[in-house]
Every structure is written in C-alpha cells, then in structure tokens.
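> Handing you this structure, nothing more for now.
The values are calculated or read from the model by the stated rules, or taken from the named source; none is laboratory data. Nothing here was measured: the structure is a model prediction, and the numbers come from that model. Positions of Cβ are backbone-derived with ideal geometry, glycine not excepted, and every protein chain shown enters the neighbour counts. Side chains included, ligands, DNA and RNA excluded: accessible areas come from the protein's heavy atoms. Shrake-Rupley method; radii C 1.70, N 1.55, O 1.52, S 1.80 Å.
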Amino acid sequence: MKWTNSFIPTLKEDPAEAESLSHKLMIRAGLIRKLSAGTYNYLPLGTRVLNKVINIVREEMDGSGSLEVLLPALHPPEPWEQTGRLKDFGDIIFKIKDRSGKLNLLGPTHEEIITLLVSNEISSYRQLPVILYQIQTKFRDEIRPRFGVIRSKEFIMMDAYSFDIDEEGLEKSYRKMYKAYCRIFDRCGLSYHIIEADPGLMGGKGSHEFTCPSPAGEDLFIKCGNCNYSANPNFAPINEFGDKSSETPNSSLKPLKDILTPDKSSIEAVSKFLNVQPTEMVKTMVCRTPTGQIAVLLRGDHELNFAKLARLVSAPVVELSDEKTIEKVTGGAMGFSGPVGLSARGGPTGNIKIIADYSVLEMKNFVTGANKKDMHFLNVNINRDFKIDRSADVRIITEQDPCPSCGKRMLKIMTGIELGHIFKLGTKYSEALNACFLDEKGKRLPMIMGCYGIGVNRIIASAIENSYDENGIIWTNSIAPYQVIIISINPADKRIREVSEKLYQDLRANSIEVLWDDRDTSPGVKFKDADLLGIPLIVTVGKGLKDKVGGKVDIKYRSSGKKESIGVDKVLEHISSRVQGV
RNA sequence: CGGGGCGUAGCGCAGUCUGGCUUAGCGCGCCUGCCUUGGGAGCAGGAGGUCGCCAGUUCAAAUCUGGCCGCCCCGACCA
C-alpha cells in the first residue's frame with residue numbers, strides 16, 4: 001500500500017480524551033477514532049491489526065478441533081429468562097423493542113443461545129463432545145466504559161462453548177481450550193499470567209483468567225514471587241489461622257470500657273481519634289443472606305470477601321445490609337456496630353449469626369463499636385465479652401499474607417488486563433434449557449458445559465501496553481499492520497523513486513506486507529510516523545544510493561533500534577529472510 | 001448512580017474569574033505557489049468557528065444565571 005493512497009491520520013500530540021498509553025497510541029497512530037463513549041471506529045490500520053489477531057485466534061481454535069459458527073447478536077428474551085440471567089445481568093444488557101413491541105436483547109454473551117441450539121440439534125452421546133466457537137460483536141451497557149477499547153460498550157469477542165457427556169470429557173475440553181489460549185497469546189507476543197479465578201455470574205466451579213499485566217488494567221491479581229502461583233484476590237484462600245503480625249504477646253485481658261467517639265464511624269476516623277492502629281480494631285459488617293442476617297467480624301485493616309462468605313453460607317449472593325436493617329439488628333446506629341450484646345438480640349446461636357474471620361481469633365483487647373451512636377468499646381475480647389457462631393476465612397488476601405500454594409510471604413498484588421477467561425460451567429445452562437443427550441444405556445442426561453472467551457480488541461491494546469517506547473508502538477511481527485515500511489526520502493528524485501518502486505513491487509510479489517511512504521514531505525515527518533506506527537522493519541531509500549561501492553538502502557529494526565546498510569541488489573533477499581518464519 | 005473536571009476551527013490550547021477594548025485568538029494540521037529533502041524545514045498567500053444546546057439577565061454574553069446534552073477521571077458496579 002502506498003501511503004498516498006491510504007488513510008492513516010496520525011497525530012503529533014496526545015489526544016485530550018485518552019489517559020492510558022495504549023489508548024493514546026491507538027489514536028495517534030491512526031488505528032481508531034472514537035464515535036461515542038465506549039464505541040470506536042477502526043481505521044484501515046487498526047482493521048488490519050484486528051484481522052491479524054482474528055486470524056491467529058481462528059487458526060488456533062480450528063487447530064484445537066473447535067468448529068466455527070455465527071450466532072445472532074439479536075436475542076429473544078425467553079432463554080435469558082429461563083436461566084435467570086436477564087435479571088442477574090440487569091442493566092448491562094441492552095434492551096430494544098421491535099416494531100410489534102416485543103422485547104429483544106443485544107447479546108452480551110451467548111451461553112443461552114448456543115445451549116438452545118445444541119439442545120435442539122444434538123441428542124445422542126454419539127454426537128458429543130463438540131466445541132463450537134464464534135468471533136462476533138458483543139454488546140454490554142457498561143456503567144463506565146474506559147481506556148479506549150479496553151472496556152467498551154461494543155466489542156469483538158471470541159466465545160467458545162464445549163459440550164461433553166461427563167466431567168472427564170469437560171476436563172479434556174477445558175485443557176484443549178487452555179492450551180489453545182496459551183498458543184493464541186504466545187503468537188500475539190503477549191506476556192500474560194494464568195490466574196485461578198472465581199466464576200462469578202457465569203456459574204460453575206473452576207475458572208482461569210488470562211491476564212496481561214499493565215497499569216491500564218482493571219483486574220487485580222496476586223502473584224507469588226516464590227512459586228509463581230497466581231490468583232484473583234477474591235478467590236485466593238488464606239491458609240492460616242490468623243496473621244502473626246497482629247499478635248499481642250501475653251498481654252492480660254484488660255477490663256471492658258466504653259468511650260465516646262462523637263461522629264467517628266469509620267475505621268480511619270476512630271483510629272485517629274483514639275490513637276489506635278486499625279490492626280487493633282475489629283469491624284463488624286452486617287450482611288444479608290437469603291437465610292438471614294450475619295454479623296461478620298474482621299480486623300480493621302482487612303476487607304470482607306463477599307465471594308468467600310457466599311460460598312461459606314451456601315448463598316448465591318451476599319450483600320451488605322441497608323442502614324435500617326443494621327439498626328434493627330444491632331440496636332445502634334450504622335458505623336457503631338459491634339459484637340458485644342448481640343447475643344441478647346438473637347446472636348449465638350439465635351437467628352443472627354456471628355462469623356469471625358480467622359485473623360480476629362488471635363486479637364486481644366481490641367476496639368469495636370458499642371451498638372450505640374457515638375460510642376465504642378475498648379479492650380473487647382472474644383468469649384469473655386461475646387461469643388461467635390464460627391470462624392472462617394472470609395477476607396480478601398493481602399500482600400502480607402502467606403502464599404496459598406507455597407506458604408512463603410512473597411505475594412504481590414498486580415493490575416492487569418483480562419484477555420480471556422475460561423470456565424467449567426457444568427450443567428447450569430444445560431439443565432435450565434433442557435440440553436440433554438441419551439447415553440449408551442438410553443439414559444437422559446444434561447450435557448456438561450464449558451465456556452471460553454477472549455476479548456479480541458483487548459489483545460491489541462495489551463500488545464501496545466506490553467511493547468512501546470517514547471516514539472510509539474513496537475509491534476510484534478505476527479500482528480503488525482505491515483511487515484515493512486519503505487521511506488523514500490525524496491520521492492521526486494528519480495533514482496530514489498525507481499529503487500523504492502522496484503523494492504515495493506518486489507516485496508509485494510513475495511507476499512510481504514509493505515507500506516510505502518511515498519509522501520512528498522520532509523524526512524523527519526516520515527521517520528517520526530514510521531516509529532509511531534511501529535512497523536517492525538523500516539527501510540530508508542535515500543542518500544545511501546550514492547554509495548561508491550554500489551547503491552545501498554538502510555534498514556532499521558523498530559524493536560531493537562539496530563540499523564544496517566544493505567546493497568540494493570541484496571535487499572529483497574535480506575528482508576525476506578527476516579520476515580519469514582514469523 | 002455519587003464525587004471531581006472539561007466542552008472555543010480537524011487536533012492541542014488561550015481568552016471566561018473582572019460582560020464592551022477581538023471583525024473570537026495562538027500552535028499544529030489543511031489548501032495554493034516558491035523553495036527544501038537522512039529525524040516533526042523555510043517564505044508568501046489562503047480556507048476553516050451557530051464559542052456544546054436551549055432559555056434567561058443586560059444597551060451589550062464565549063464571558064453572568066438556570067436547565068439540558070456530551071466527554072474524561074475517581075468511586076460504586078462489572079464477564
């Protein structure tokens with residue numbers, strides 16, 4: 001492609017609308033332009049990269065034995081009602097009405113639709129297993145789209161779904177996808193972590209996130225510096241009865257005392273006011289479950305992990321109670337809750353359960369709310385001042401905790417971009433939508449499902465977040481929009497034009513993707529744009545042609561910055577050997 | 001949805017506090033011509049703006065007031 005025939009609007013300055021690095025560079029290099037918050041136009045260069053990524057995804061999915069399909073983006077609401085997810089997803093789903101007034105959804109994901117399809121068409125164990133995938137636009141009415149294409153309202157997803165006759169089959173399908181995902185991200189040149197994760201709204205029991213570390217990421221994960229264990233903090237168990245840093249060695253139990261704390265309701269405010277550390281305080285969080293209210297006790301500096309709590313009490317969702325309920329349960333104002341006296345109000349072991357995080361067990365003489373406005377207790381102690389129903393691991397892991405896998409205290413909390421997520425679903429959807437098969441004995445059984453998603457647009461943003469310098473993007477060969485860019489220093493010069501043209505045609509004849517910057521503009525502009533675009537090989541045709549020994553052109557490698565001069569007669573072969581085998 | 005910020009030419013911004021001194025500016029980009037060609041050249045000429053929208057205050061509004069819309073950031077939320 002000749003630059004003068006293309007449409008590559010580059011910008012000298014950072015756009016005001018962009019904050020994250022990949023977002024700025026994608027706009028500056030002419031890959032994308034915003035249409036509205038959370039929707040983007042892909043320009044020719046961006047589309048080329050997108051297609052490169054899609055091709056890699058498709059090759060690897062096909063290679064894994066999965067079959068490509070294409071499902072509608074427009075969904076009837078009924079299957080979503082059947083699985084309960086119309087309600088669970090809530091406002092995330094775009095809802096539109098057709099001319100007859102019937103509700104339609106824009107698909108945010110396709111478990112329901114694919115399960116319905118398979119349920120109608122597959123009925124025998126002989127037809128299983130099967131893995132179907134598609135590469136298609138998804139719609140999600142995000143609360144806050146951000147970071148350009150990293151979180152947008154409309155995005156391209158590769159979503160795959162496996163159907164098996166038993167758990168063993170699911171395990172095999174899951175491994176296949178796991179491996180295919182690794183190959184896809186490897187080929188795209190991304191660094192990524194594979195993280196044990198919580199299935200969340202998808203349901204099921206077991207999932208892994210593929211996350212690219214980046215400051216523009218919204219996902220937190222923990223990583224062990226010793227054994228490489230990675231997990232979502234919401235998922236990581238804390239295999240320890242307490243945290244040694246909070247031990248109060250041998251201190252005798254001091255007498256319980258109340259103290260006025262006017263308007264000091266947060267841990268931070270009380271900590272300052274009473275001059276005690278948050279680690280010496282216990283916070284009491286009143287939570288609502290389908291079966292009743294729970295008071296959860298946590299050390300002041302810890303955070304409640306709702307997912308763990310939900311699993312503990314076998315509830316689908318656990319939420320914080322509202323202010324009125326809290327006042328009813330504790331008899332005091334919100335922000336001044338505490339465990340002391342709860343027994344009289346239905347605590348152990350009446351209808352209000354008290355659950356203490358393990359770390360609270362080792363605490364002595366701590367501070368809690370007094371269930372009275374503007375009042376706290378000092379020197380509170382378990383068993384002496386109140387009883388608990390049970391202790392458990394219900395908090396979010398911190399960097400100070402031991403690794404769940406190796407036990408060493410070398411955890412780091414990192415941020416990353418979630419590139420892909422794979423789930424073992426089980427029978428949640430097949431049961432709800434009646435996707436069953438007959439086994440060899442003629443017994444009717446629900447199919448065992450897995451689902452697997454990749455954010456295709458996020459691969460592009462992540463690749464840039466992974467690889468750039470102060471001058472622009474540095475593409476890896478496999479997803480670069482072009483392999484080679486030819487800069488003609490002065491296209492009006494006859495010799496330069498002829499040599500450039502011949503090289504351009506020769507490269508094309510050899511199926512090498514080449515962009516020829518044939519613009520009549522000053523050399524600096526072309527060098528800057530070439531760096532900004534990040535094309536791996538930059539070939540400059542200019543004064544090197546006057547070399548005494550014979551005409552030469554210059555090659556610069558974008559990633560290393562290394563330069564070399566090559567004779568005009570050898571340059572085609574030279575470039576071919578660099579570009580092949582990518 | 002709560003908090004904060006922004007909206008002036010294709011892009012980046014000044015002007016708004018203190019209404020009139022502007023025919024609404026600057027840099028980049030764009031168009032024409034000349035010139036130049038190894039790291040965002042130079043000279044000359046030129047095009048391009050309902051100052052987000054609506055209403056109000058005023059002799060007078062980019063500037064003050066009210067409402068609305070859009071965009072960005074933080075939070076909550078989210079596969």
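> Label points 7 Å out from Cα along the Cβ direction at A:ARG519 and A:SER565: separation in nm?
Between A:ARG519 and A:SER565, the label points sit 2.7 nm apart.
> Using Cα centres only, tell me the gap between segment A:255-306 and segment A:318-359 in whole Å.
Segment A:255-306 and segment A:318-359 have Cα centres separated by 11 Å.
> What accessible area per residue, rounded to a whole number of Å², is obtained for segment A:244-392 using a probe radius of 1.4 Å?
50
> I'd like the trypsin sites (Lys or Arg not before Pro) in segment A:1-100 restricted to DSSP loop residues with at most 13 other Cβ atoms within 10 Å, sorted by number.
Within segment A:1-100, the qualifying trypsin sites (Lys or Arg not before Pro) (loop, at most 13 other Cβ atoms within 10 Å) are A:LYS12, A:ARG99.
> Just to confirm the filter: which chymotrypsin sites (Phe, Trp or Tyr not before Pro) across segment A:1-99 are DSSP coil and have at most 11 other Cβ within 10 angstrom of their Cβ?
Working: sites: A:TRP3, A:PHE7, A:TYR40, A:TYR42, A:TRP80, A:PHE89, A:PHE94; in loops: A:PHE7.
The qualifying sites are A:PHE7.
> Can you give the extra length, in nm with one decimal, that the chain gains between A:SER124 and A:ILE259 once fully stretched, where that is 0.36 nm per residue apart less the Cα-Cα distance?
41.5 nm is the gain from fully extending A:SER124 to A:ILE259.
> Give me the Kirkwood hydrodynamic radius of chain A in Å, from all C-alpha pairs, to one decimal place?
On the way: mean 1/r = 0.0359 Å⁻¹.
One decimal place: 27.8 Å for the Kirkwood radius.
> Taking C-beta distances below 4.7 angstrom as the pairing criterion, name the unpartnered cysteines of chain A, in sequence order.
Cys with no partner Cβ under 4.7 Å: A:CYS182, A:CYS188, A:CYS212, A:CYS287, A:CYS436, A:CYS451.
> Could you list the trypsin sites (Lys or Arg not before Pro) in segment A:435-482 that lie in coil according to DSSP, counting only those with at most 10 other Cβ atoms within 10 Å of their Cβ?
Listed in order of number, the matching sites are A:LYS441, A:LYS443.
> Here's a follow-up. How large a share of the accessible area of chain A, in percent, is made up of carbon and sulfur atoms when the probe is 1.4 Å and the other protein chains stay in place?
51
> Please report the spacing between the Cα centers of segment A:375-397 and segment A:12-35 in Å, no decimals.
The distance from the Cα centre of segment A:375-397 to that of segment A:12-35 comes to 51 Å.
> For the pairs A:LYS205/A:LYS373; A:LYS95/A:LYS223; A:LYS102/A:LYS179; A:LYS223/A:LYS264; A:LYS272/A:LYS328, flag any whose C-alpha to C-alpha distance is greater than 31 Å.
Checking Cα-Cα distances, A:LYS205/A:LYS373; A:LYS95/A:LYS223; A:LYS102/A:LYS179; A:LYS223/A:LYS264 exceed 31 Å.
> Quick one: length gained pulling A:GLU17 to A:LYS179 fully straight, 0.36 nm per residue minus the C-alpha distance? Walk me through the numbers on the way to the answer.
On the way: separation 162, 0.36 × 162 = 58.32 nm, distance 3.75 nm.
Roughly 54.6 nm would be gained on extension.
> Extending each Cα 7 Å along its Cβ direction at A:ASP62 and A:ARG345, get the distance between those two points in nm, one decimal.
Once both label points are built, they end up 6.5 nm from each other.
> Rounded to the nearest 5, what % of DSSP beta bridges with both residues in chain A are antiparallel?
Counting DSSP beta bridges with both partners in chain A, the antiparallel share is about 80 percent.
> Report the charge-dipole magnitude of chain A in Debye, nearest 20, computed about the Cα centre from +1 at each Lys and Arg Cβ and -1 at each Asp and Glu Cβ.
The calculated dipole for chain A is roughly 580 debye.
> Let me ask something additional. Per 0.36 nm of contour for each residue apart, how much would the distance between A:ASN234 and A:PHE89 grow if the chain were fully extended, relative to their Cα-Cα spacing?
Taking 0.36 nm per residue and subtracting the Cα distance, the gain is 50.2 nm.
> What pairs in A:LYS52/A:LYS494; A:LYS138/A:LYS443; A:LYS543/A:LYS570 have C-alpha atoms more than 27 Å from each other? Intermediate results must be reported in sequence, preceding the final value.
Working: A:LYS52/A:LYS494 35 Å; A:LYS138/A:LYS443 37 Å; A:LYS543/A:LYS570 17 Å.
Listed pairs above 27 Å: A:LYS52/A:LYS494; A:LYS138/A:LYS443.
> Shape verdict for segment A:482-579, please, from the Cα gyration tensor: rounded (a/c under 1.5), prolate (a/b greater than b/c) or oblate.
Because its axes are fairly even, with a/c under 1.5, segment A:482-579 counts as rounded.
> Counting pairs of alpha carbon atoms under 8 Å apart in space and at least six apart in sequence, what relative contact order in percent does segment A:482-579 give?
29
> Now for a different question. Given a Förster distance of 51 Å, report the FRET efficiency between A:LEU274 and A:VAL69 from their Cβ-Cβ distance, rounded to the nearest 0.05.
Given R0 = 51 Å and the Cβ-Cβ separation, E is 0.25.
> Continuing with the same structure: For the modelled label position 7 Å from the Cα of A:GLU440 along Cα-to-Cβ, which residues of segment A:122-158 have backbone nitrogen atoms closer than 16 Å?
A:124-129
> Along segment A:422-429, what does the Karplus equation 6.51 cos²θ - 1.76 cosθ + 1.60 (θ = phi - 60°) give for ³J(HN,Hα), rounded to whole Hz, x for Gly and Pro?
Once θ is set to phi - 60°, the couplings for segment A:422-429 become 10, 10, 8, 7, x, 10, 3, 7 Hz.
> Divide by every residue of chain A the summed helix terms, -39500 (n - 2.57) for each DSSP H run of at least 4, and state the resulting mean residue ellipticity at 222 nm, rounded to the nearest 500 deg cm²/dmol.
The helix-only estimate for chain A comes to -7500 deg cm²/dmol at 222 nm.
> Then there is this: Let's test the formula: R0 of 51 Å, r as the Cβ-Cβ distance of A:ILE413 and A:GLU81. What FRET efficiency results, to the nearest 0.05?
Working from the Cβ atoms, E equals 0.85.
> Now for a different question. Within segment A:399-430, whose backbone N sits under 14 Å from a point 7 Å along Cα→Cβ of A:GLU167?
A:424-427
> How much accessible surface area, in Å² rounded to 10, belongs to the heavy atoms of A:GLU573 with a 1.4 Å probe?
In the full protein context, A:GLU573 sits at about 140 Å².
> If you average the C-alpha positions of segment A:164-196 and of segment A:461-517 separately, how far apart do those two centres end up, in angstrom?
Spelled out, the Cα-based centre of one part sits 34 Å from the other.
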